[in-house]
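The values are calculated or read from the model by the stated rules, or taken from the named source; none is laboratory data. Just so it is clear, the model here is predicted, and its values are computed rather than measured. Quick reminder, even Gly has a Cβ in these numbers, built from the backbone with ideal geometry, and neighbours come from all protein chains shown. Protein only, heavy atoms only, side chains kept; ligands, DNA and RNA dropped before computing areas. Shrake-Rupley method; radii C 1.70, N 1.55, O 1.52, S 1.80 Å.
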Amino acid sequence: MHFFVSSFSLLQKLCVLHKIINPRNNSEYFIFEIFGEKLIIMISDSENNIITTEIQVCVKKNSKEKIAIHPKLMIDLLNTFPEEPILIKKEKNILNIYSKQGNYPIPSISNEMINSINSDPNTLLIVKKTSKIILYSKILLKILKKTLFATGNEYLTPIMNGVFFHFSPHGSTFVATDTYKLVKYTINHIRFNYSIKFTIHKKSLKILQNILNEENEKSIVTIEYNKIDIIKFHFKNKIFLCKFIDEKYPDFNSVIPKNKDILFIVNRLLFLNSIKRISIFSKKKISLIRFHLKNNKLKIYEEDPIIPSYSKIQCKSIYEEFKGGYIKMAFNSQFLIETLSSFNEDFISFEFCNSNKSGIMRPYSNTKKEESILILIMSVII
């Protein structure tokens, strides 16, 4: 391995990769490998998430070898250089950096797994039966923003820590749940010839979200899926590989109630800020919010408050089954705030079902749209 490269261009590539993968993860490392006139740079973490990118270099001597180095050491060193060509040469287990100012040795990481890793972007995922899904990066980013907040924590089973993707001839559905809240996001115009289902862990999806934040919103993302264990996201200048969760996703439709006891429409920001105000006065670790609906007025108050406070806001009652408008449920204020904050629309509908003690929020619109979303929140008190 013996090549010239721009110090600034290399620094840019390394900084982007290091930012995408959690910098606090000490188990990460860069792998360098030459293919033709390109330097392939790979970064991996302890969760087996892999990102690759490439940069044009002037190769002086090609060889079928790779080297792994610590990201922080390499980035810190390149930050001290002006923009100039530097010579990088692998000599035994050292990556030597030659510049006009001197010679700087970077020790390699001793890892038996490195030589078994294939960093060639053309062969990172080769299987006979691979499905390809093509999306705009802004669409994929929107899917993650709509669903990731509802995923569970590490104490739940792995399947509850991920987002479920389902592409079909009738449209596409994306689901996330932590058993207390559930998001079902449907996009009708994204269709595939046959049904494809997979679930990706939120840790991998947060890395994917970081990549998408760096991409142009009009850029294309190609998703390559096989039924073995790997999903590949192909960007213009990057490739991201991660494993999917090899478990069957729960039947989420069975927990979404078909009937409702109360339904009202309310201004989203007015509703959101009212709940925030009530929560400010709460001295409890978990603030529980109750509602009372009467004459198109919604009263919002805390369950058993230490400091009593309430808000009354205008709403439009569509359906009311409970006598007196008293809703026999209480909801975690943080869940309500997260849910309302995830919407962009001015108005939302909020429906309650007494049989399974849940509430469902949806964006309210008079026009039919190509996408729909519902967020179910379980009542805290049953």
- Query: Of these, L336, L270, L340, which one is without any contact (Cβ under 8 Å) to a residue 60 or more places away in the chain, closer than 26 Å to K142 by Cα and aliphatic (A, V, I, L, M)?
  - Reply: L270
- Query: Do we have any residue at all in segment 291-311 that's crowded, with 16+ Cβ neighbours inside 10 Å, modelled with pLDDT of 90 or more and in a loop (DSSP other than H, G, I, E, B)?
  - Reply: no
- Message: With the condition being β-branched (V, I, T) and touching a His at 6+ places or on another chain (Cβ under 7 Å), I'd like the strands (runs of 3 or more DSSP E) fully within segment 61-105 carrying at least 2 qualifying residues.
- Response: none
- Message: Whether any residue in segment 219-227 is under 14 Å from L140 (Cα atoms) and open to solvent by 40 Å² or more (accessible area, probe 1.4 Å) is what I want to check.
- Response: yes
- Query: Quick one: which of I348, I327, I360 is touching a residue at least 24 places away in the same chain (Cβ under 8 Å) and in contact with a His (Cβ under 8 Å, 6 or more places away or on another chain)?
  - Reply: I327
- Where K92 falls short, out of the listed (1) out of contact with any Phe, Trp or Tyr (no Cβ under 8 Å at 6 or more places or on another chain); (2) modelled with pLDDT of 90 or more; (3) open to solvent by 10 Å² or more (accessible area, probe 1.4 Å): (2)
- Test for K276: is it basic (K, R), closer than 23 Å to T199 by Cβ, open to solvent by 30 Å² or more (accessible area, probe 1.4 Å) and at pLDDT 90 or above: no
